[in-house]
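Data block below; observations after.
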Amino acid sequence: MSLTRTFNITCNGITKNSLADFGLAVGNNNYIGEPTLEEFYVDVPGGPVLDLSDALTSRPVFKQREINIEVGAMRDKDSWDSAMSDFRNMYDGQICKITFDNDTEWYWQGRVRILDFDRVKSLGTFTIFMMADAYKYKVTPIVDTYTLIGTPKQVTMRSFNIPIEPTFKTNDESMMVATWKQGLGQTAYYLTEGIEFKVPALTTETDFRVLVDGSGSVDVIFREKSL
């Protein structure tokens, strides 16, 4: 028995299902493209070609990937122009999230375009194109809460193989987050009450430390990424 592939698309806080809400059937299987790897090579005269792709980051850097979902539906032929206008108004050019029914714990995020609309009598087809982040994101994040009473605490970094950017949120406007690596200087970030703050490019390297300081509680939100 064949299964009809479906997906949820979320934009501006509203989630719709491709089949239940729009009657759209997915017509292709390989809708998720390959991630784009940032590569940099230097051709040294009289020597080998040097691969400097991860010289600055010490890890591969993936930039983005294309998602192309070919969809179609049956409608009254005279209603298609109005239906496509409504669909474009909701999604074309917007930053959206897409979750596929065969991978519901993860979502893809990026800017959406509605392309290649065609109609043969009552059958209409078009492509939902997303220029997505290279990584998909876990739908349910991990939240660690630290309660401080004037004594700094070191944050426990989660053991992800891929670099992540934890989000810090506090109920104390004087909270401070300090990050540093062994042998490198410390960087301090000051948090504002109730405002989520993402500390960039934290990794799980053994010499990387994060310290929170202040009085009150701070939530550290880890959202996993995966290729």
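The values are calculated or read from the model by the stated rules, or taken from the named source; none is laboratory data. Keep in mind the model is a prediction, meaning the values are calculated, not measured. A quick note on method: Cβ atoms are made from the backbone with ideal geometry, for glycine too, and the neighbour counts reach across all protein chains shown. Calculation scope for accessible area: heavy atoms of the full protein, side chains included, ligands and nucleic acids excluded. Shrake-Rupley method; radii C 1.70, N 1.55, O 1.52, S 1.80 Å.
A few comments on the model shown:
- For the chain: rounded, prolate or oblate by the Cα gyration tensor [a/c cutoff 1.5]: oblate
- The chain, helix-only ellipticity at 222 nm - DSSP H runs n ≥ 4, -39,500 (n - 2.57), divided by all residues, nearest 500: -1500 deg cm²/dmol
- Too-long pairs where the Cα-Cα distance tops 25 Å, listed order kept, from Lys63/Lys153; Lys77/Lys97; Lys136/Lys169; Lys16/Lys63; Lys16/Lys225: Lys63/Lys153; Lys77/Lys97; Lys16/Lys63
- Accessible area of the chain belonging to carbon and sulfur atoms, whole % at 1.4 Å probe: 47
- Directionally averaged projected area (the stretch 111-172, Cα convex hull): 7.9 nm².
- Cβ-placed point charges (K, R +1; D, E -1), dipole of the stretch 22-158 about Cα centre in debye, nearest 20: 440
- Counting only protein heavy atoms and a 1.4 Å probe, the chain has 59 square angstrom of accessible area per residue.
- For the chain, the longest principal axis of the alpha carbon atoms and the long axis of helix 80-91 meet at an angle near 0°.
- DSSP loop GluC sites (Glu not before Pro) with at most 15 other Cβ within 10 Å excluded, longest remaining stretch of the chain: 106-172
- Area of Leu227 that stays accessible when all protein chains are in place (1.4 Å probe, Å², to 10): 80
- Filtered trypsin sites (Lys or Arg not before Pro), the stretch 80-172: DSSP coil and at most 15 other beta carbons within 10 Å: Lys121, Arg158
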